[in-house]
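First the structure, in the form of structure tokens, and then the observations on it.
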Amino acid sequence: MIFMRLALVGYGKMGKEIERLALERGWSVDVRVDIDTPPVTQAQRNTIDVVIHFATANTLVNDLLPWAEAHKPIVVGTTGWQDQKQQIEKLVSTNQIGLIYSSNFSIGVNIFFRLVKIAAQMMDTFEDYDAFIQEIHHKNKIDSPSGTALTMGQIVLNHLKRKKELLNETSHGKIRPEQLHISSVRSGAVIGTHTLAFDSAVDIIELKHTAKNRSGLALGSLFAAEWIRGKKGLYTMDDAFQELFT
């Protein structure tokens, strides 16, 4: 296993779990950036192999800019920033760096995404089944619906032809047949549960992923950190999995 020096941008529960698992591997966490930490110096940036960002979406571009200018590869686990994607693409191309992002870095979830694709492809033949997605998270989660649920929704839209658009808001009446409803629940300390269901008059089929803790996300982030090192361009976890299985 290779040795890497990491910078963690965002040092909350996820950042601390990533650090714990990185240290177990014998890696080093040399920089930790949080709201109350002093500015990172250029000398500190120069020592870093990969940057992992789990912070807030509204500061993403500003957080990443100095690391991109230092030509450091980046892993982005923060969600809710798709409105800034053009800025991120420009940042990557201008500085010729590698950046990998995902709505969920968990290895299990990325396998789950592939099962969602297969199920949607199969159900495209059976019009008696209607699809919906539900996600449940802890009461402090900021974005809704979750990035994972939105990824699931996009996969279904790509492969279930009768669904044309996502309905992310609470429905107060009848929805159109072409809408795929994503419902969100925020309660307690739930790490994350995502369900894709196909309902008919005779039965219901459910695909569900339930996270037991944050370790799955952290382990996937470390996998992504190894994968992105030495690459240039903008990638997703799906790109890493495509390479893994081909």
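The values are calculated or read from the model by the stated rules, or taken from the named source; none is laboratory data. Because the structure is a prediction, the values reported are computed rather than measured. A quick note on method: Cβ atoms are made from the backbone with ideal geometry, for glycine too, and the neighbour counts reach across all protein chains shown.
Name the residues in the stretch 24-36 that are touching a strand residue (DSSP E or B) at 6+ places or on another chain (Cβ under 9 Å) and either closer than 29 Å to Ser146 by Cβ or at pLDDT below 95 (or both), would you?
Result: Trp27, Val29, Val31, Arg32, Val33, Asp34.
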Flag if Glu206 is touching a Ser or Thr at 6+ places or on another chain (Cβ under 9 Å) and without any contact (Cβ under 8 Å) to a residue 12 or more places away in the chain: yes
Residues that are in contact (Cβ under 8 Å) with a residue 12 or more places away in the chain, under 14 Å from Ile205 (Cα atoms) and either aliphatic (A, V, I, L, M) or outside the structural domain of Ala197 (by TED's automatic domain parsing) (or both), drawn from the stretch 109-134: Leu115, Val116, Ala119, Ala120, Met123, Ala131, Ile133
Taking the condition of being in a helix (DSSP H, G or I), touching a strand residue (DSSP E or B) at 6+ places or on another chain (Cβ under 8 Å) and within 18 Å of Gly230 (Cα to Cα), how many residues in the stretch 67-88 meet it? 2
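Conditions tested, residue by residue: (1) among the β-branched types (Val, Ile, Thr); (2) farther than 21 Å from Ile118 by Cβ.
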residue	(1), (2)
Glu169	no, yes
Leu207	no, no
Thr210	yes, no
Glu226	no, yes
Ala240	no, no
Phe245	no, no
Name the strands (runs of 3 or more DSSP E) wholly within the stretch 1-66 that hold at least 1 residues that are touching a Cys at 6+ places or on another chain (Cβ under 9 Å), more than 18 Å from Glu226 (Cβ to Cβ) and not assigned by TED's automatic domain parsing to the domain that holds Glu226? none
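For every residue, the table says whether it meets (1) in a loop (DSSP other than H, G, I, E, B); (2) small (Gly, Ala, Ser); (3) farther than 30 Å from His71 by Cα.
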site: Leu166; (1), (2), (3): no, no, yes
site: Thr170; (1), (2), (3): yes, no, yes
site: Pro177; (1), (2), (3): yes, no, yes
site: Leu180; (1), (2), (3): no, no, yes
site: Val190; (1), (2), (3): yes, no, yes
site: Leu196; (1), (2), (3): no, no, yes
site: Val202; (1), (2), (3): yes, no, yes
site: Leu217; (1), (2), (3): no, no, no
site: Glu243; (1), (2), (3): no, no, no
Just the residues that are β-branched (Val, Ile, Thr) and in a strand (DSSP E or B), please, taken from the stretch 117-163. Ile133, Ile136
